[in-house]
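The values are calculated or read from the model by the stated rules, or taken from the named source; none is laboratory data. Only a predicted model underlies this, so the values are computations on that prediction, with no experimental measurement involved. Every residue, glycine as well, gets a Cβ built from its backbone with ideal geometry; the counts of neighbours run over all protein chains shown.
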Amino acid sequence: MLAAGWPLEVGADGRDGPKDARPGWKSRARAQLDATPSVGHRSTQGNRVLSKGSVTEPRAGRRPFAAVWVVTYPLLITYLTQKLLTTVDTALLGRFSTSALASVGLAAPVYIVATVLAVGWATATGVFVAQQYGAGEHGEIGRVTDVGLALSLVTGAAVGVVMFAAAPQLIGVLGGEAGLTGPAVTYLRILAFAVPVAAAIFTLQSAFSGVGATRVAMYTAVVVNAVDIPLGVIMIFGLGWGVVGAGVSTVLGTIAGLCFMIWYGRRRLPAQLRLLRWEHVSGWRSLVPRLWPVAWPESTWLFVGYLNEVILIGFVAQLGGVEVAAYRVLWSVTDLIMTVATACGVGVSILVGQRLGASAPDEAVTFRRAGLRLAAVLTGLPAMVLLLFPGPVFGLLTDDPVVLTVVVSTVAIALLKLAPMVPAMNLWGVLRAAGDTRTIMIASLVCDILLLVPLAWLLALPLGLGLHGIFLAWIGWWLGWLGWLFIRYRQNVWRTSLRTDDAGPSAWADRADQ
């Protein structure tokens, strides 16, 4: 679900590294941007590389669009593959029964809220790793990664225990029809076992992406789906477990993904990074004060944001089971498009973070603009498909004609949020790369409190607009968030790198207060 240099590939010798150049634009772009000096030495282009696997970082050049694409497309595949789990569960459960689909629609947002509590450590780890790598200072990368991983596991385990114990109360707050709450509680309790595992994957994915290994996450997502989807089919239909089968297959797939990522990190990534070593964890006290100022705002705004989505699900539940199922179907598909914008934003964040670490903010601007163009293209194309062929597309997820009618009548309004969303995620990537997660948090909280929740309630329930009102409220939220981030971006505080070896934790906190 989350993150530079060039992505890693497995060469003929079994090591990570760029494959032999092939004719075409990708090879020409790499030829312009790659460098091959030894560890710790600068090339004539100002880039650095680790000896095993040649993990390199791009620099601004004549083809910034190609540079952003090469870094982003593994992330895009990763995130879409991860989202495929949700979409496949939706499709399978939609074929199993509408009540099963609606039950998962109640529980799934609660699980997402639980996992984001540990995402802050992943973000802080990735920000620090990218800037250190961009500056050619690799000594701290392994220690930061391992401490971030340990913190994520501990936080995820604690959250999982709470989610398991409080599942009836959490589902009960959302309301819903009587027949939905029991299966929803069971599903949520099963997913509680996946929370620490997912948290660990987020952190490793963020750290590996910071050094350019974006394809590791892509491979991991493929492993997760290869385990989860077949098991889901067998357990939901073959064994007749329904909601239980969907939950168990998701947990097993997530565990398989973490095992693969750990194996890959230890066996395939450059040894100089010194990743996944137990002795690093003993130094956690010195690193937590540096990671915390970036981590807690990230977790806070994501937690509150997803919590508000749970509140919105509660509003939808008051409309009826059909509306809950329709919202689940519609959100599953449109969320794939948002995932594209997120992947582009994370790609921009990686490149901007490395350029800030190398004290080259003007090159960071070049990558931001290229990332915005890429996001506009990649989100616009699927949006057009959904607008032109809503029936056939959403018909793949549900065969209930009543649910499908509600979905088709709402899709156009749901897609309007793309207009402010794409530039907002682009600016989010820049501020995130600079470690300015506090601004992102404040903007999100204000827009949640003043725009999203009150508008959704007013439009959906008292004014009777139903799902149309929910998505109109989302449009208002994205507009407000975009405006806030744009003002912060124009202040140019983001141009200063957080990479300060001797500044201490107070420098990070002071920077966020500016």
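Taking the range 293-314 only, how many residues are touching a Phe, Trp or Tyr at 6+ places or on another chain (Cβ under 6 Å) and buried (at least 23 other Cβ atoms within 10 Å of the Cβ)?
1
Answer yes or no as to whether THR214 is under 28 Å from PHE164 (Cβ atoms), buried (at least 19 other Cβ atoms within 10 Å of the Cβ) and polar (S, T, N, Q).
no
Looking at (1) among the small types (Gly, Ala, Ser); (2) at pLDDT below 85; (3) within 15 Å of the chain's Cα centre (by Cα), which is the one condition that is false for ALA207?
ALA207 satisfies all of (1) among the small types (Gly, Ala, Ser); (2) at pLDDT below 85; (3) within 15 Å of the chain's Cα centre (by Cα) except (2).
Of all residues being within 15 Å of the chain's Cα centre (by Cα) and aliphatic (A, V, I, L, M) in the range 322-341, which is farthest from PHE389 (Cα to Cα)? Just the residue, please.
ALA341
Any idea which of ALA503, ALA509 is at pLDDT below 90, surrounded by 15 or more Cβ atoms within 10 Å (Cβ to Cβ) and either touching a helix residue (DSSP H, G or I) at 6+ places or on another chain (Cβ under 6 Å) or in a loop (DSSP other than H, G, I, E, B) (or both)?
The match here is ALA509.
Tally the residues that are modelled with pLDDT of 90 or more, of a type in the set (Val, Ile, Thr) and either buried (at least 24 other Cβ atoms within 10 Å of the Cβ) or touching a Phe, Trp or Tyr at 6+ places or on another chain (Cβ under 6 Å) (or both), restricting the search to the range 138-195.
1
Inspect the range 391-398 for any residue being more than 20 Å from LEU80 (Cβ to Cβ) and buried (at least 18 other Cβ atoms within 10 Å of the Cβ) and give the result as yes or no.
Within the range 391-398, one or more residues are more than 20 Å from LEU80 (Cβ to Cβ) and buried (at least 18 other Cβ atoms within 10 Å of the Cβ).
Conditions first: (1) in a helix (DSSP H, G or I); (2) of a type outside the set (A, V, I, L, M); (3) touching a helix residue (DSSP H, G or I) at 6+ places or on another chain (Cβ under 6 Å); (4) within 20 Å of PHE193 (Cα to Cα). TRP241 passes all but one, so which condition is the exception?
(1)
Take the conditions out of contact with any helix residue (DSSP H, G or I) (no Cβ under 6 Å at 6 or more places or on another chain), among the basic types (Lys, Arg), surrounded by fewer than 19 Cβ atoms within 10 Å (Cβ to Cβ) and on the phi < 0 side of the Ramachandran plot and apply them to ARG490. Does it pass?
yes
Which one is modelled with the lowest pLDDT, of the residues in the range 261-292 that are part of a helix (DSSP H, G or I) and surrounded by 19 or more Cβ atoms within 10 Å (Cβ to Cβ)?
Looking at the filtered set, the residue picked out is LEU273.
Out of all the residues in the range 246-259, is one or more closer than 21 Å to ALA192 by Cα, modelled with pLDDT under 85, crowded, with 21+ Cβ neighbours inside 10 Å and not acidic (Asp, Glu)?
no
What number of residues in the range 316-369 are closer than 22 Å to THR496 by Cβ and either hydrophobic (A, V, I, L, M, F, W, C) or in a helix (DSSP H, G or I) (or both)?
Looking only at that region, the number is 24.
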